[in-house]
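Everything on this sheet refers to the single structure shown next.
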Amino acid sequence: MPPNPLMKSLRYAVTTSFGSICYGSLFTAAIRTLRWKIRGFRSKIGNNECLFCCVDFLFQLVETLVRFFNKYAYVQIAVYGKGFNRAARDAWELFQSTGVEALVAYDCSGAVLLMGTVLGGLITGTCAGVWTWMTWSDRVIMVGSTAMLMGMVLVGLAMVVVESAVTSIYICYAEDPLLIQKWDPQFFNQMSEKLHQRLQHRSALAREILTQNQHDTRMQDIFHL
């Protein structure tokens with residue numbers, strides 16, 4: 001452990017990497033939200049081929065944007081001092097070359113942490129609202145909503161630390177899996193097992209789609225004959 005890493009990281013974040021952090025923050029959250037929305041809508045389309053093609057085009061467009069705007073770039077910025085676009089591109093290419101992208105695609109840690117943030121805000125707002133109702137009943141809505149917002153902000157700050165740790169683990173696992181193995185062998189085995197399962201699932205899904213396309217092509221040829 002290097003001496004005084006927190007202050008060194010803080011100084012680095014507010015000086016040489018400050019521009020990259022601000023630039024990435026403008027787009028990363030919006031693109032992540034849009035990606036989740038399109039992915040959820042894509043799984044509910046059904047057999048409407050026209051709508052599926054449109055949504056698939058939007059999904060591929062968002063996937064292209066993710067290559068240049070993703071939260072994993074911040075780890076590359078912190079470690080190597082790269083610019084944001086280059087860091088995002090390098091991180092995504094690293095995931096795709098090692099297969100870790102199969103794990104990242106199904107990562108639900110962000111949604112779980114968001115639920116924790118909302119729950120913290122609701123608890124804070126409820127407690128403040130009950131106390132206000134017992135003291136000043138005409139100010140319940142104002143005090144309760146303000147307390148809920150403040151609670152979400154404070155809990156969200158704590159959740160960001162956890163999310164940053166998860167992001168760093170993905171990058172470390174993609175760059176040097178043996179580092180994770182030395183740190184926690186049991187966790188390394190769990191990560192490797194899940195990655196293997198996801199890669200197998202993706203390969204099976206690709207074979208199923210290929211077989212279905214070949215079957216549709218044969219049926220069209222028979223119909224034309």
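Things worth noting here:
- With the whole protein complex present, LYS71 retains an accessible surface near 30 Å², based on a 1.4 Å probe.
- Estimated vicinal HN-Hα couplings, Hz - the range 85-91 in sequence order (Karplus 6.51, -1.76, 1.60; Gly, Pro = x): 4, 5, 5, 5, 5, 5, 5
- Hz values of 3J(HN,Hα) by residue in the range 130-147 - Karplus curve (6.51, -1.76, 1.60), Gly and Pro given as x: 5, 5, 5, 4, 7, 10, 10, 5, 8, 10, 5, 5, 5, 5, x, 5, 5, 5
- The solvent-accessible area of TYR12, taken with every protein chain present and a 1.4 Å probe, is close to 80 Å².
- Only the Cβ atoms of Lys and Arg (+1) and of Asp and Glu (-1) were treated as charged; on that basis the dipole of the range 80-184 about its Cα centre amounts to roughly 300 debye.
- Only lysines eight or more places from LYS82 in sequence, or on another chain, were considered; those with a Cα closer than 28 Å are LYS8, LYS71, LYS182.
- What the Cα atoms of the range 100-163 give is an Rg and a Dmax of 15.7, 54 Å.
- With all protein chains modelled, accessible area of ARG11 [1.4 Å, Å²]: 140 Å²
- Accessible surface, 1.4 Å probe, highest first, among residues THR16, THR98, THR117: THR16, THR98, THR117
The values are calculated or read from the model by the stated rules, or taken from the named source; none is laboratory data. As the structure is a computational prediction, the values presented were derived from the model and not from experiment. Reconstructed Cβ throughout: ideal geometry from the backbone, glycine too, with neighbour counts over all protein chains shown. Areas reflect the complete protein model, heavy atoms only, side chains present, ligands, DNA and RNA absent. Shrake-Rupley method; radii C 1.70, N 1.55, O 1.52, S 1.80 Å.
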